[in-house]
Amino acid sequence: MECSKKPESNPDWFESIKINIPDKIYFEETKKEIDRIAKPLDGLGDFENVISRIGAIKKNSDFSLDKKALIVMCSDNGIVEEKVTQSSFEVTMKVAKNILNKRSGVAVMAEKNKVDCFVIDVGINSDEKPSGLIDKKIRKGTRNFRVEPAMTEDEMFKAINTGIETVRELADKGYDIIALGEMGIGNTTTSSAICASLLHESAENVTGRGAGLDDEGLGRKIGLIDEAIKKYGLYDKDPLDVLRIAGGYDIAALMGACIGGAVYEIPVVLDGVITQASGLLAKKIFPETVEYLFASHLGKEKSSELILKELGLKPVIDANMALGEGTGALMYLSLLDNALYVYKNSARFDELEMKDYERF
């Protein structure tokens, strides 16, 4: 599979990406097996489509999701200099350490649901190297995109390849499914800028309050994104240029993880708007990537619904969540575990000597 419009930069990298579309035969086989369960047709709702899609990815209607991973990409963003958030960059490392110490919301969820958590530093603005933090640092934070592009092309590809390689390593270790999370002060600004640019929306239509900006802060955030769109002509840029100019190392690495899921044929669960923006970038470059992506929840940020519509993905959870870090993706995995347990262990119509329901 080739990308829909191959950018001129780094052509060898694009030629190296090979993606197979999941086989519909296995989707239909899994769906038929679900219909054999002694329950009303479509009784598991959207999870029936999810299970069938995973069956197609696994090329097996009798699959397991016992080995789960969460990737948390962490990076700081230079745009924080413009006061687009209540917090300073020091918070990124503090939260990363809190995850490693199993005290944050996502770490507690990961422990409860037996999900292995991999916290990766791709750009934290700190020299600290706490135990357990995977050091893939590209630079101590991106540049302020109000002043100059956030990253160089070389830095961008390093971040993308970090995501791809992380998924490859997890695939080699036998992980069945991967959830995505992030930590990076200022990344609702970068994700909003990406969404506005790729979907040709105004900043006002896609930008929310992040972790709790007041009206003045929100207005400043919207103004900075509109300013960047005009300054760099982002509506007319290809997706990689948008990422390089206004994105972050975390988003670039997460985009790589989305691509990696497609390359190594592992389902990837998106979390909130930052990971959703990464999925949008991946789809814009390699459209078939979306066949391997799953939407956990409708995020609180304004751009979440627009991005998921563009991806063609329906979120299972609509609970006004805004925790980030991968919490929505892990909540999704817990629900998926229940649905999959029903699928694998419930009685079938023939076992009960009952006639199957028919589809009309």
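All of the numbers you see were taken from the coordinates with simple rules; none came from a lab. All figures in this text were calculated on a predicted structure; none of them were measured in a lab. As a convention, Cβ positions derive from the backbone with ideal geometry for all residues, glycine included, and neighbour counts pool all protein chains shown.
Remarks
- Linear extension gain, Lys173 paired with Trp13, 0.36 nm per residue minus alpha-carbon span: 55.2 nm
- Sparse packing (at most 10 other Cβ atoms within 10 Å of the Cβ) combined with a DSSP loop state is found for the following trypsin sites (Lys or Arg not before Pro) in segment 316-360: Lys355, Arg359.
- FRET efficiency, 1/(1 + (r/R0)^6) with R0 30 Å, evaluated for Thr152 and Arg220 via beta carbons: 0.65
- Segment 1-113: Rg to Rh, with Rh as the Kirkwood radius over Cα pairs: 1.13
- Estimated distance in nm for a label pair at Lys230 and Glu28, the labels positioned 7 Å out from Cα along Cα-to-Cβ: 5.5 nm
- The simple spin-label model puts a point 7 Å past each Cα toward its Cβ; for Lys67 and Ile134 those points are separated by 1.4 nm.
- For segment 87-163, the list of GluC sites (Glu not before Pro) that fall in a loop by DSSP and count at most 11 other C-beta atoms within 10 angstrom reads Glu128.
- Anchor Lys221: lysines whose Cα lies under 23 Å away (excluding residues fewer than 8 positions away in-chain): Lys83, Lys140, Lys230, Lys231, Lys237, Lys300, Lys302
- For the chain: relative contact order, % (alpha-carbon pairs under 8 angstrom, 6 or more apart): 22 percent
- Degrees between helix 46-58 axis and first principal axis of the chain (Cα, 0 to 90, nearest 10): 90 degrees
- Per-residue ³J(HN,Hα) for segment 302-308, Karplus 6.51 cos²θ - 1.76 cosθ + 1.60, θ = phi - 60°, Hz, x for Gly and Pro: 4, 7, 4, 5, 5, 5, 5
- Across segment 178-187, coupling constants 3J(HN,Hα) worked out from phi with the 6.51/-1.76/1.60 Karplus curve, θ = phi - 60°, read 10, 9, 10, x, 7, 8, x, 4, x, 7 Hz, and Gly and Pro carry x.
- When you restrict to C-alpha pairs under 8 Å that are six or more residues apart and normalise by the size of segment 228-360, the relative contact order lands at 19 percent.
- In this structure, Arg103 and Ile317 have a Cβ-Cβ separation that, at R0 = 25 Å, corresponds to a calculated FRET efficiency of about 0.60.
- When the GluC sites (Glu not before Pro) in segment 326-360 are filtered for DSSP coil states and for at most 16 other beta-carbon atoms within 10 Å of their beta-carbon, the remaining sites are Glu353, Glu358.
- Note on the chain: antiparallel DSSP beta bridges, both residues inside, total approximately 5 percent of the bridges counted.
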